[in-house]
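As structure tokens, the structure follows; a few thoughts come after it.
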Amino acid sequence: MTQTARTMQKVFHFDSDPAAYTADAAVLCCFDERIRGAVQKFLRRRAILRPDMVIVAGGAKTLASPRNHFEQDFILEQIRMSIKLHATKRVLLMSHSDCATYGGLAAFGGDAEREMRHHYNELNRAAALVKASFPSVEVECYFVTFAGVFRADGEQGSVAAD
Ligand SMILES: [Zn+2]
């Protein structure tokens, strides 16, 4: 028995495709489990079948309103790695309603419209940073609610900012 075989024990069998791939997009979104299903279905609907998922508390907030420079640099580095390792040409930035990192919907006095306007600005600030850092990639912004996904960067189906 090898050393590895002695220290590791297979506890689950699952066949994965080992072939190298090009990522359809790098996707930055919050780890909030409540939006996971919507995000996964939305990506599939958009034919983003092989995303490099960057899942962290707050999603796009880590770029728009980071708690510290480390956080922002770390996330930019993740995007850089997706571009470098998986030839990513598209970056999707996401945030969502009632996100605890913003203090939830309560931080907006329970006003979903106000929350949406705030996130529109957050997402676009994050997008500006990504575009400035990686001029060759396409950047898209999305706001996820408990009723669906809104485009938030002035493209079709956008949420209006005031
Ligand atoms: Zn969240």
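Here is how the numbers come out for the structure above:
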| read-out | value |
| --- | --- |
| Counting DSSP beta bridges with both ends in the chain, the antiparallel % (nearest 5) | 20 percent |
| Full-extension gain in nm, Q40 to E77, via 0.36 nm per residue minus C-alpha separation | 11.0 nm |
| Kyte-Doolittle mean at least 1.6 and Cα axial length at least 24 Å: DSSP H helices in the chain | none |
| Kirkwood Rh, Cα atoms: Rg over Rh of the stretch 22-151 | 0.95 |
| Ranked list, fewest to most other Cβ atoms within 10 Å of each Cβ, for M81, M94, M8, M53 | M8, M81, M53, M94 |
| Binned Cα-Cα distances of the stretch 49-105, short to long, each 10 Å bin given as a whole percent | 22, 50, 24, 4 |
| Fully extended contour minus Cα-Cα distance, from K131 to D15, at 0.36 nm per residue | 38.1 nm |
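Every number in this text was worked out from the coordinates using simple rules, so none of it is lab data. Source: prediction; values computed, not measured. Reconstructed Cβ throughout: ideal geometry from the backbone, glycine too, with neighbour counts over all protein chains shown.
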